[in-house]
1. Set the Förster distance to 51 Å, then compute FRET efficiency between Thr195 and Glu481 from the Cβ-Cβ distance, nearest 0.05.
2. Pop the C-beta distance of Ile282 and Asp247 into the FRET formula with R0 = 56 Å and round what comes out to the nearest 0.05.
3. Counting only heavy atoms of the protein chains, get the accessible area per residue of region 463-515 (1.4 Å probe) and round it to a whole Å² value.
4. Classify region 325-452 as rounded, prolate or oblate, taking a ≥ b ≥ c as the square roots of the eigenvalues of its Cα gyration tensor: rounded when a/c is under 1.5, otherwise prolate if a/b is larger than b/c and oblate if not.
5. Grab the Cα-Cα distance for Phe373 and Phe169, subtract it from 0.36 nm times how many residues apart they are, and report the gain in nm with one decimal.
6. List every DSSP H helix in the chain whose Cα atoms extend 27 Å or more along the helix's own long axis and whose mean Kyte-Doolittle hydropathy is at least 0.0.
7. Strictly over 23 Å apart at the Cα level, which of Lys57/Lys174; Lys17/Lys199; Lys192/Lys239; Lys206/Lys243; Lys29/Lys207; Lys414/Lys532 would you flag in this model?
8. What accessible area per residue, rounded to a whole number of Å², is obtained for region 206-344 using a probe radius of 1.4 Å?
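The values are calculated or read from the model by the stated rules, or taken from the named source; none is laboratory data. All values reported here derive from a predicted model rather than from experimental measurement. Cβ coordinates were reconstructed from backbone atoms using ideal geometry, including for glycine residues, and neighbour counts include every protein chain displayed. Ligands, DNA and RNA are excluded from the accessible area calculation, which covers all protein heavy atoms including side chains. Shrake-Rupley method; radii C 1.70, N 1.55, O 1.52, S 1.80 Å.
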Amino acid sequence: MAKNTVKQDEDLQRHSKLEIIGRLMKYLKPYKIKALFVILLMIFVMICGILNPYLLKVAIDNNIQKGDIKGLLIIGAVLLVLNSLAALATRIRLISMSSITNNILINIREELYTHIQKLSFSFFDNRPVGKILARVIGDVNALQELFSNSITSFIPELLSLVCVAFMMFYMNFKLALASIIILPLLFISMFKVETVSRKRWDAYRKKRSNLNAFTHEDFAGIKVVQAFANEKNTSNSFKDLVKTLMDSFISTVRLNDLFWPLVELSWGAGTVIVFMVGVNLIIEGNISVGTLIAFTMYIGMFWRPIMNISNFYNTLISNFSAAERIFDILDIKPDIVDLKNAVKMPKIKGNVEFKEVTFYYEEGNPVLNNVSFKVSPGETIALVGATGAGKTTITSLLSRFYDTQIGEVLIDGKNIKNVELESLRSQMGIMLQDTFLFSATIKENIRYGKLDATDEEVIAAAKAVNAHQFIIKMEKGYDTEVNERGSRLSLGQRQLISFARAMLANPRILILDEATSNIDTFTEKLVQQGIKKLLRGRTSFVIAHRLSTIRDCDRIMVIDEGEIKESGSHDELLSQKGIYYSLYMAQYRFLNEGA
C-alpha cells in the first residue's frame, strides 16, 4: 500500500516480540548501574513486604498465645522500622526511575531525529510530514510507561513472586500447590488475548498516524482551504478520521480489558481453593490458625505480582506497535551515504563535469539520458526547458541528493560519490522557488547561511542583494519575527532574504532554481544587481522559465526529454532558430499580447 497519502495505513515490517524486547533493552545499557540500584531498592522493599506476614504469624502463634508483651512490642518496633525504610526506598526508587526513563526517551528521540535527517529525499517524498511527526513524538512517548514498568514492575515483581512462592512452599507444600493450580489456565487465556490485541494496537496507531498527517496537512494549507471555502468538507473528513480512530481504540481497549478480569478471576478462584484446603488441614491438625492467616496474606502477595506482571505484559503488547514503528524508520538505510574511503572535498575551484549521466527515479523511465557537459570555474550556466525535462534533476545530482545510475558527476575532477557529503554540500548554495524561512527573526534566517556571522556581516549580505531597505522598514528591523515559513512576508521579500542568506554563506557553487519567479518586475530590477554580485567569482547554475532573466548568462543549455538539445549564449541560440528560439518568441508574443 502506498505511503504517500494521509488516509492510507502505512505498511510496516513485522518484528518478533523477542527482537523488539531485545532492541528496547539495549537502551537500558548506559543506565545499568542506576537500574541495578533501583532493582536493589525494589528487592529491599519486597523483602520488607514478605517479612510482614511472617512476623505477624510469629506474633500470633508465639507472643500473643504466651502473653509475651515485650516480644510483641519488639516485633511491632521491627515492623515500624522496616516499613519506614521501605517507604523511603520507594520514594528514592520513583525519582531514580523517572530519571532513567526520561533519559532513555531523550536518547531514542534524538537517535530517531538524527537518523531521519540523514535519510534521502525519497523517504520524505513517500510520507506525509504528519506521519513522521507521529513517530518522533507520539510513538516515542508511548514507550515511557514501558521502560518504567520494565524495571519497576517486571523485574522486581518477578523476584517477589519467586520469593513469595518459596515462603509459601516453605510453610506448607499442599497449600502452596493449591494456590498455583489455576495458573496454567490463566497463562493460556492471556496468550490468546495477546495474539489478537497486538494486531488491534497496530491498527490503532496507524489510524492515529493518519489523523496526525491529515491535521498537519490541513493546517499547513489553511490558506487554500479558506480560499475555496472548503472548511466544511475538511471538517467532515476530520470527523471521519476521528471516528475511525475512536472505533479502533474502543475495539482495542475492550479486548485489552480482558486481562484484568482473567487475573482477578484466577486470584479469587485460587483464594477459594486455598481456604478449602486450609480449613481441612486445620481440622486435621496439620497447620495452625496463625499459619493459615499468614498464608492468606501470602496469597495476596503472590497474586499481586502476577497482577502487576500482567499489567506490564499488557503495556508491552499495547506499545509493541509504537516500538515497531520507531524501528521501522531506524531500519531504513539512507540512499546517499559517505563511502568507507570517502575523503573531504578540498576548497572547490568550480570545474563541473557530467560524464554520460543517465538517471531515473523509476526503473525503465529515465529522466536524464546520456547527458554530458563541462563547466569552467566562475561560469554561469542557465538551464531552460519544459516542465519535467530534467533541469532540477541535474542540480539535484550535482548536490548529490541522488546518485546517478550510469555515468559520473565530477567537481574539480573528483567524483562526488567519493567525497564526504558534508564537505561537498557545505560549499554549495541552493535557492528554490519555494523559499523556506524558519520561525525566527530576519537576522536569524539570514545567519542560517553562516552561523558564526556577525551582525555587520548579516547586514552587508542583505545590502548586497538590496534586501536592506525593506528590512529596516519592518517593525523591529532585522529582529522582526517572520512567523512560520515567513508567512508575514511577501513572496518577493522571502526570496530576497534567501538571497542574503546565500550571499552570507559564500558558496563555491550556486544553484538558483526558479529563484526569481515570485519577484515582481520592480523588485526584480533591484535584485538582479544583487544576483550579479552573488554570481561573481563562483560557478552558478540558474533554472528559469522567464527567459529575460538569463540573457546575460555565459551559456544556456536547453534540456528536452532528458537530453541537452542546444547549448550556447543567448544570441547564438536565437540565431540557430531552434528550440530556444521557439521558447523565446512564444514568451515574447505572450507578453506583447498581454500588453
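1. Rounded to the nearest 0.05, the efficiency is 0.45.
2. Efficiency, from the Cβ-Cβ distance: 0.55.
3. Value for region 463-515: 42 Å² per residue.
4. Since a/c stays below 1.5, the shape of region 325-452 is classed as rounded.
5. 64.9 nm
6. Length and hydropathy pass: 32-58, 69-118, 259-283, 289-330.
7. Among Lys57/Lys174; Lys17/Lys199; Lys192/Lys239; Lys206/Lys243; Lys29/Lys207; Lys414/Lys532, the Cα-Cα distance tops 23 Å for Lys192/Lys239; Lys29/Lys207; Lys414/Lys532.
8. 52
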